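**Student:** Quick one: structure below, then a few questions.
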Amino acid sequence: MGQAVGRSFDISSNEYCLRFIGKETIVANDPFWNRFLAFNITPPMTINEQLAIESKIEPLCQELLKNNLSSGNFNSLIQCFLTKSTELLSATNSNAELFNWQLFNTIFTIRCVLKFMTEILPEEELMKHIEFKGSGNYVESFIGTLVGIIVDVPVEDSTYLIHLEALTCLLVCLSVQFHSGGRSDQSMIYRLIMRGKHVIHAPVLVKSLLTNFISQGKLPPGYGGNHGHSIVLDTNPVPPTKASSLFKIDFNLLFLTLCEKATGDAATLLLYLLLHRNQSFKSFLLRRADLDQLIVPILKTLYNAPNSNSHHIYMSLIILLIMSEDDSFNTNIHDLKLKTVDWYTERALTEISLGGLLILVILRTVQYNMLKMRDKYLHTNCLAALANMSSQFRNLHPYVSQRLISLLETLAKKYHRLIELAKTEKEREDSEVVVSVKDSADVEQDLTVLEEVLRMVLEILNSCLSTQLANNPNLIYTFLYNRHTFELFKNDVVFQDIIHNLDIIIKYFSELLHEKSREHEVDAHQVLLVIQQGARNWPKEKLTKFPDLKFKYVEEDQPEDFFIPYVWALVGQQSVLNWSNDSLSVLTSIC
């Protein structure tokens with residue numbers, strides 16, 4: 001501050017800094033401010049650099065806090081910001097660079113002071129320091145001007161740092177929720193931002209954020225604000241009004257940028273918001289012939305689940321679930337062929353369809369969840385997506401067919417082990433041997449969950465073969481080769497109706513093969529030929545008709561419980577702002 005150059009300058013002895021934090025009142029139009037804000041600094045680009053700056057200015061902020069309610073100098077600084085913002089918007093090309101430099105310095109200084117104050121002051125006290133003896137609606141004007149910069153100033157190389165600081169300042173204002181221990185609707189600043197006159201800027205603000213995302217190829221730090229589940233583009237059901245949420249944005253550029261950043265948390269969250277809240281973008285996306293550019297990175301995230309956080313895994317799965325609600329998507333993914341998938345290490349995959357790869361990765365996620373996470377919600381989303389796609393499974397790769405039946409076999413073995421364990425527990429209870437209530441309840445719970453998962457897998461197989469039998473010779477081949485797996489279910493009343501259909505299919509093709517083998521020995525190629533020929537004469541009426549498997553993603557009743565801590569965690573990870581883990585714990589506990 002005060003003509004300082006670089007990060008190594010000793011600001012503790014700078015005369016302008018000392019005057020700013022002192023007891024003397026400096027009015028907003030004092031020439032002092034032009035000298036105080038005439039410094040050069042390389043903005044902190046990492047949390048460590050930001051921490052180094054905060055460490056240097058903390059003693060100064062402490063002194064300012066002690067004197068500000070009598071000097072009002074922080075309020076004067078905010079008035080300078082309001083004035084300089086007006087000058088920026090009306091500046092000519094000849095002096096725009098000067099205004100940009102001074103405005104950035106002003107916002108940066110405000111942000112540093114604000115962050116210090118929000119961390120140690122209750123919101124009511126913070127408001128007093130900004131307003132200074134109720135001299136005006138400066139909080140509202142300050143927030144409105146920040147929004148105005150983001151909305152009205154073009155995003156260019158020369159203004160990018162100003163946009164970044166304006167966004168960061170808004171995040172600092174919103175961080176009062178971190179430190180208050182209260183809900184956002186109890187915050188004066190939140191109510192001002194979310195319910196005040198600034199709401200009419202929301203559509204343009206969203207457009208500005210998306211444009212920034214596209215032009216820079218990255219999200220602004222902590223994009224998502226306070227609620228990670230609300231974004232509106234052009235979905236108004238009524239004609240546009242003055243406060244309309246209609247605006248235009250280049251969906252093609254947005255799509256390409258999302259593809260480039262699809263493995264990141266922030267881009268995945270943005271994609272979820274767009275798919276869930278914006279029908280126009282969803283329709284645009286599902287019509288694209290190059291969907292593999294977006295889907296493959298998402299599948300790679302799921303494939304590397306041990307290296308991803310649970311929120312990112314959930315978001316990726318929900319995106320696939322939302323897409324799987326569309327029949328054209330379920331059809332088209334089997335027409336998109338991938339030559340190689342280098343990151344899939346279990347087996348070399350060549351000439352596999354995008355649909356086949358999607359099935360493989362979801363199956364792998366289910367198996368990973370069974371071993372590590374044991375999360376019923378994750379199972380539900382995985383199987384719901386597969387169920388939605390099942391009636392359009394076509395020309396499944398032999399390896400995909402094997403993995404489907406392998407999952408069924410793994411589940412079946414585990415299910416029957418649990419049944420035996422449950423019987424043992426019951427016998428011990430009957431013989432009055434002491435049995436842990438918790439252990440017995442855990443077995444019953446695991447058995448119930450596994451029963452639901454098993455039935456869903458069988459329904460998925462039934463759905464596929466009831467509608468696409470002729471288009472899946474490799475799956476039928478795998479059925480015949482592993483027919484012993486289905487024998488395990490024949491006497492179980494829970495699965496008998498589904499097994500009845502699958503057993504009819506197995507018997508039909510087994511008889512065809514038996515007849516063929518009477519003539520001569522058949523190899524794998526000839527088995528496939530028999531299956532393909534038999535499928536042409538397949539009597540569909542033999543099968544019992546089941547309801548179509550259709551699942552739709554519905555957001556939880558209180559989505560903020562999931563999204564608010566997630567978004568703030570992303571702010572901490574992807575911006576220079578840093579907050580203690582204790583703050584995040586408080587935030588999680590109040591959601």
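**Student:** Rounded, prolate or oblate: pick one for the range 488-575, where a ≥ b ≥ c are the square roots of the eigenvalues of its C-alpha gyration tensor, a/c under 1.5 means rounded, and failing that, prolate if a/b is larger than b/c, else oblate. Display every interim value, and only then the final one.
**Tutor:** Numbers: a/c = 3.78, a/b = 2.43, b/c = 1.56.
Because a/c hits 1.5 or more and a/b exceeds b/c, the range 488-575 counts as prolate.
**Student:** Just the number, please: Stokes-Einstein D of the range 304-416 in µm²/s, Kirkwood Rh from C-alpha pairs, 20 °C, 1.002 mPa s.
**Tutor:** 146
**Student:** Find the Cα radius of gyration of the range 230-392, compare it with 2.2 N^0.38 Å by division, and give the number to two decimals.
**Tutor:** On the way: Rg = 16.4 Å, N = 163, 2.2 N^0.38 = 15.2 Å.
Relative to the rule-of-thumb radius for its length, the range 230-392 sits at 1.08.
**Student:** Something else now. For each pair in K248/K552; K300/K550; K248/K300; K507/K545; K337/K507; K248/K550, compute the distance between the two Cα atoms and list the pairs where it is over 23 Å.
**Tutor:** Details: K248/K552 28 Å; K300/K550 25 Å; K248/K300 31 Å; K507/K545 18 Å; K337/K507 33 Å; K248/K550 33 Å.
Pairs exceeding the cut-off: K248/K552; K300/K550; K248/K300; K337/K507; K248/K550.
**Student:** Under a crude label model (7 Å from the Cα following the beta-carbon direction), how far is K128 from S13 in nanometres?
**Tutor:** A separation of 3.6 nm, rounded to one decimal place.
**Student:** What nm value, rounded to one decimal, do you get for the distance between V493 and K23 when each label is placed 7 Å out toward the C-beta?
**Tutor:** 8.8
**Student:** Rounded to whole Å, give me the distance from the Cα center of the range 434-503 to that of the range 151-175.
**Tutor:** So the two Cα centres are separated by 54 Å.
**Student:** While we're here: What is the Cα centroid distance between the range 359-415 and the range 514-554, reported in whole angstrom?
**Tutor:** 21
**Student:** Taking the Cβ-Cβ separation of N40 and H416 as r and a Förster radius of 60 Å, what is the calculated FRET efficiency to the nearest 0.05? If you can, show how the numbers build up before the last one.
**Tutor:** Details: r = 73 Å, r/R0 = 1.21.
So the FRET efficiency works out to roughly 0.25.
**Student:** Once the Cβ-Cβ distance between Q62 and Q558 is put in as r, and R0 is 45 Å, what FRET efficiency do you end up with, to the nearest 0.05? Don't skip to the end; give the middle numbers.
**Tutor:** Numbers: r = 39 Å, r/R0 = 0.86.
The calculated FRET efficiency here is 0.70.
**Student:** Quickly work out the N471-to-E156 label distance, labels modelled 7 Å from Cα along the C-beta direction, and quote it in nm with one decimal.
**Tutor:** According to this spin-label approximation, the distance is 5.3 nm.
**Student:** May I ask you to compute the full-extension gain from D342 to Q445, defined as 0.36 nm times their residue separation minus their alpha-carbon distance, rounded to one decimal in nm? Before the final figure, lay out each step's value.
**Tutor:** Numbers: separation 103, 0.36 × 103 = 37.08 nm, distance 3.89 nm.
Answer, rounded to one decimal: 33.2 nm.
**Student:** Then there's this: Can you sort S308, S390 by how many other beta carbons sit within 10 Å, fewest first?
**Tutor:** Values: S308 19, S390 24.
With the fewest neighbours first, S308, S390 line up as S308, S390.
**Student:** Could you name the aspartates and glutamates in cross-link range of K84, using Cα to Cα under 16 Å and dropping any fewer than eight places away on the same chain?
**Tutor:** Cα-Cα hits under 16 Å: D30, E97, D152, E165.
**Student:** Calculate the FRET efficiency for I120 and N48 from the Cβ-Cβ distance with a Förster distance of 30 Å, rounded to the nearest 0.05. Intermediate values should be presented prior to the final figure.
**Tutor:** On the way: r = 22 Å, r/R0 = 0.72.
FRET efficiency, I120 to N48: 0.85.
**Student:** Rounded, prolate or oblate: which fits the range 353-422, taking a ≥ b ≥ c as square roots of the Cα gyration tensor eigenvalues, rounded meaning a/c under 1.5, else prolate when a/b beats b/c? Spell out each step's value before the answer.
**Tutor:** Details: a/c = 2.25, a/b = 1.64, b/c = 1.37.
It is prolate, given that a/c is not under 1.5 and a/b is the larger ratio.
**Student:** Still on this structure, I have one more. Please report, in cubic angstrom per residue, the volume enclosed by the convex hull of the alpha-carbon atoms of the range 456-511.
**Tutor:** Numbers: hull volume 4.2 nm³, N = 56.
Residue-normalised Cα hull volume stands at 74 Å³.
**Student:** Which of I359, I150 has the fewest other C-beta atoms within 10 Å, and how do the rest follow up to the most?
**Tutor:** Working: I359 26, I150 21.
If I rank by nearby Cβ atoms, fewest first, I get I150, I359.
**Student:** So the label point goes 7 Å from the Cα of K545 along Cα→C-beta, right? Which residues of the range 378-402 then have their backbone N under 19 Å from it?
**Tutor:** Residues passing the 19 Å test: 391-392.
**Student:** Next question. In what order do Y481, Y368 fall by count of nearby beta-carbon atoms within 10 Å, going from fewest to most?
**Tutor:** Numbers: Y481 14, Y368 17.
Listed from fewest to most nearby Cβ atoms, that is Y481, Y368.
**Student:** Please report the Cα spread of the range 394-554 along all three principal axes, rounded to whole Å, starting with the longest.
**Tutor:** The Cα atoms of the range 394-554 stretch 61, 44, 28 Å along their principal axes.
Values in this text are rule-based calculations from the coordinates and carry no lab data. No experiment lies behind these values; they were computed from the predicted model shown. All Cβ positions, glycine included, derive from the backbone under ideal geometry; neighbour counts span all protein chains shown.
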